[in-house]
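Asker: A single structure is presented below for examination.
What follows is calculated from the coordinates using simple rules that are stated; it is not laboratory data. If you're wondering where the values come from, they're calculated on a predicted model, not measured in any experiment. Every residue, glycine as well, gets a Cβ built from its backbone with ideal geometry; the counts of neighbours run over all protein chains shown.
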Amino acid sequence: MTEAAAATCRREIELEIPAANVTKASEKAARDIARVARIPGFRPGKAPVTIIRRQFAADIQGEVLQSLVPEFLEKALDEQKLTPITRPEVDKVEFKEGEPLKFRAVFEVLPEFELGEYKNLAVQIDPVEAGEVQVDQAIEEMRERSATFVPIEDRPAKDGDFVLMKLNGTPVGEGDPVEADNIMCHIGAEETLESFTENLRGAKAAETKKFRTEYPADYPDEKLKGKTYDYVVEVQGVKEKKLPEVNDDFAKEVGGEAAGITNLADMRKKILENLEASKEQQQSGQAKDRILEELVKKHDFPVPQALVEHQMDVRLERAARSLAAQGVDPRTVNVDWMAMRKGQQDRAINDVKAELILDRISTAEKIDATDEDVDKELALLAENSGESATTLRARLTKQGALDRMKSKLRSDKTIEWLYRNARIETTAKSEK
């Protein structure tokens with residue numbers, strides 16, 4: 001491990017507040033409490049200070065710490081030119097009457113590092129194909145999405161068919177019972193367990209099949225992997241998938257006449273245009289990712305754990321939002337979220353390093369988010385949210401999110417600058 005990698009962003013300083021300052025603050029705290037304290041046998045404000053000090057010792061100490069520690073800590077940080085990025089934690093407090101107040105402050109700071117080479121970086125990207133073969137693949141995907149399932153009455157199920165079934169599973173040993181209705185099983189498909197294919201091949205509607213299934217140890221469903229179940233399957237029907245014919249009618253239906261597509265040739269042309277546009281986006285996105293990876297490799301420095309923890313939370317939240325966007329409640333998914341969060345640590349460290357490097361490059365190249373950049377972004381967000389740009393700006397400002405948006409725009413502009421000043425090479429397509 002290098003010296004930089006072994007370093008840390010954690011700092012701690014031990015401070016001592018002079019006894020005179022502590023005594024003065026203690027006396028003021030005692031007087032303030034005495035004015036409002038209710039002591040049996042004394043009118044408000046008339047109780048002796050000795051009694052006040054004895055009965056309210058903890059409150060007085062708390063007031064002294066609250067009034068003196070921030071002041072002396074801030075002064076010490078200024079003198080040592082330290083800027084905490086986390087709220088300093090105060091511990092090891094030594095508070096004795098008539099003596100200096102001693103304490104320790106622990107916090108994290110941004111790392112100091114030398115900005116290495118970042119101009120004219122050479123990165124390689126993988127080829128992205130956009131031709132007639134890809135158009136054919138896109139059309140085939142459209143056919144799959146437009147497929148219909150036709151009931152089969154005159155023959156038993158064979159490979160390629162879909163069995164509609166009601167399922168009841170009893171665990172052999174540990175496990176929870178399994179119940180499902182109106183589910184489709186694709187006979188002979190790669191994703192279908194062999195026991196289901198073997199036992200449902202040849203099935204007809206209204207038949208009942210009984211069989212045992214042993215799930216492999218690497219089965220993706222946590223509830224089932226490595227377990228054994230006895231199943232009772234009621235066959236509700238057998239269906240055959242019918243793909244639509246690729247012709248002008250298909251093109252008009254899936255492409256949409258409103259988009260100017262009236263025949264198959266129009267649709268193929270439109271798909272090719274979309275693939276070309278997507279190709280450019282994929283290649284630039286891939287190049288920018290590789291540039292950041294290269295920058296992180298070239299810079300070795302420690303990162304604040306607080307920023308890493310925050311980035312791990314961001315990544316976890318992003319995964320949960322992705323599930324929610326697909327209509328899946330993240331709370332119902334059988335996922336070890338804590339293990340997933342821990343698994344994001346290395347990526348989170350690289351994310352933080354990349355942002356710190358980008359910040360330094362932005363400063364070095366005088367790249368910033370202008371008012372015009374902010375206005376454009378607000379207009380775009382407002383259009384998508386249905387709010388006015390003025391209302392959105394006010395809300396983001398109140399939430400403290402406008403500065404974060406500016407920071408993101410600054411980083412994006414810096415990445416774009418690096419992309420324009422990099423040497424991008426496309427790797428040769430591997431022969432299979």
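Asker: Arrange the following residues from fewest to most other Cβ atoms within 10 Å of their Cβ: 115, 121.
Answerer: Fewest-to-most Cβ neighbours within 10 Å comes out as 115, 121.
Asker: For residue 125, list long-range residues whose amide hydrogen, built 1.01 Å from N in the peptide plane, is under 5 Å from its own amide hydrogen.
Answerer: Here the answer is 425, 426, 427, since their amide H atoms fall under 5 Å of that of residue 125.
Asker: Order these by the 10 Å Cβ neighbour count, fewest first: 294, 245.
Answerer: Fewest-to-most ranking of 294, 245: 245, 294.
Asker: Highest mean first, how do 125-132, 17-24 rank when packing is the count of other Cβ atoms within 10 Å averaged over residues?
Answerer: The most tightly packed comes first, giving 17-24, 125-132.
Asker: Nearest 500 deg cm²/dmol is fine: what mean residue ellipticity at 222 nm does the chain get from its DSSP H runs of n ≥ 4 alone, each adding -39,500 (n - 2.57), divided by its residue count?
Answerer: -16000 deg cm²/dmol, from helical runs alone.
Asker: If you don't mind, another one. Report the paramagnetic label zone for residue 182: residues of region 195-228 whose backbone N is under 18 Å from a point 7 Å from Cα along the Cα-to-Cβ axis.
Answerer: From region 195-228, the list is 206.
Asker: Helix hunt in the chain: which complete DSSP H runs extend at least 24 Å axially by C-alpha with mean Kyte-Doolittle at least -0.5?
Answerer: Qualifying helices: 19-36, 57-79, 305-325, 345-364.
Asker: A further question follows. Let me know the volume per residue of the alpha-carbon convex hull for the chain, in Å³.
Answerer: Per residue, the Cα convex hull of the chain comes to 305 Å³.
Asker: How far is the Cα center of region 296-321 from the Cα center of region 118-159, in Å?
Answerer: After rounding, the separation between the Cα centres reads 34 Å.
Asker: Can you put 108, 27 in order, fewest other beta carbons within 10 Å first?
Answerer: Listing 108, 27 from fewest to most nearby Cβ atoms yields 27, 108.
Asker: Here are some pairs, 342/398; 269/413; 24/92; 223/342; 298/413; which of them have Cα atoms lying more than 25 Å apart in this structure?
Answerer: Table pairs above 25 Å Cα-Cα are 342/398; 269/413.
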